[in-house]
Amino acid sequence: MIQSKNGVGLFRIETVTPYTGSYDEVVNQGQKEIASGFKPPIQVPDMQLDQYDTIILGTPVWWYTLTPAVLTFLSETDLRGKKIIPYATNTGWLGHTFQDIRKLCPTSEVVKGMNIEFSEDTLKISVKTIESWIEAL
């Protein structure tokens, strides 16, 4: 929605080795990675971030924080002086996701994030609310 409304560049933060296995196996792996602070190798994004002043950063919430892949990205990427606009998808447990992003980006301006909450497969906030947030970007 952000990309189609604002025409901004888009790239995915993906691990070199994809997560595989059953839902429960991936959840257990994710929990262990979060607990240990694991930073998986990620694919090098095909984007010149130095061309952007603002980064809109999305992450699912895993165990009350950002995913290990996003942790790797923020730990290895120079975002000094950039404005970071975070958003997170979750099922009601946002936890300390946005605070953790702020801690990982001390030389960036991290603005208030958008909490996009679901109940199962149903969006709990209105699409209109998300569209208004995107328009305000």
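The set of residues in the range 104-137 that are hydrophobic (A, V, I, L, M, F, W, C) and either over 15 Å from the mean Cα position of the chain (by Cα) or surrounded by fewer than 13 Cβ atoms within 10 Å (Cβ to Cβ) (or both) comprises F118, L123, I125, V127, I130, W133, I134, A136, L137.
Using the structure shown, decide if L49 is of a type outside the set (V, I, T), within 21 Å of G9 (Cβ to Cβ) and touching a residue at least 40 places away in the same chain (Cβ under 8 Å). When the stated conditions are applied, L49 does not pass them.
Conditions tested, residue by residue: (1) among the aliphatic types (A, V, I, L, M); (2) in a loop (DSSP other than H, G, I, E, B).
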{"residue": "S4", "(1), (2)": "no, no"}
{"residue": "I13", "(1), (2)": "yes, yes"}
{"residue": "D24", "(1), (2)": "no, no"}
{"residue": "N28", "(1), (2)": "no, no"}
{"residue": "E33", "(1), (2)": "no, no"}
{"residue": "P40", "(1), (2)": "no, yes"}
{"residue": "M47", "(1), (2)": "yes, yes"}
{"residue": "I56", "(1), (2)": "yes, no"}
{"residue": "A69", "(1), (2)": "yes, no"}
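Within the range 98-116, which residues are modelled with pLDDT of 95 or more, more than 16 Å from F73 (Cα to Cα) and either in contact with a Phe, Trp or Tyr (Cβ under 9 Å, 6 or more places away or on another chain) or of a type in the set (D, E, K, R) (or both)? The answer is E109, M114, N115, I116.
Which count do you get for residues in the range 13-27 that are loosely packed, with under 11 Cβ neighbours inside 10 Å and free of Cβ contacts under 8 Å to residues at least 24 places away in the same chain? So the answer is 6.
Considering each residue of the range 58-65 in turn, none proves to be part of a strand (DSSP E or B), more than 21 Å from K32 (Cβ to Cβ), free of Cβ contacts under 8 Å to residues at least 60 places away in the same chain and aromatic (F, W, Y). Before we move on, is T77 out of contact with any Lys or Arg (no Cβ under 8 Å at 6 or more places or on another chain) and surrounded by fewer than 17 Cβ atoms within 10 Å (Cβ to Cβ)? Taking the combined requirement at face value, the residue satisfies it.
Against the condition surrounded by 11 or more Cβ atoms within 10 Å (Cβ to Cβ), of a type in the set (S, T, N, Q) and more than 30 Å from T129 (Cα to Cα), how does Q43 come out, does it pass?
Details: surrounded by 11 or more Cβ atoms within 10 Å (Cβ to Cβ): yes; of a type in the set (S, T, N, Q): yes; more than 30 Å from T129 (Cα to Cα): yes.
Yes.
The values are calculated or read from the model by the stated rules, or taken from the named source; none is laboratory data. Since we're looking at a predicted model, the values are computed, not measured. Every residue, glycine among them, receives a Cβ derived from its backbone with ideal geometry; neighbour counts consider all protein chains shown.
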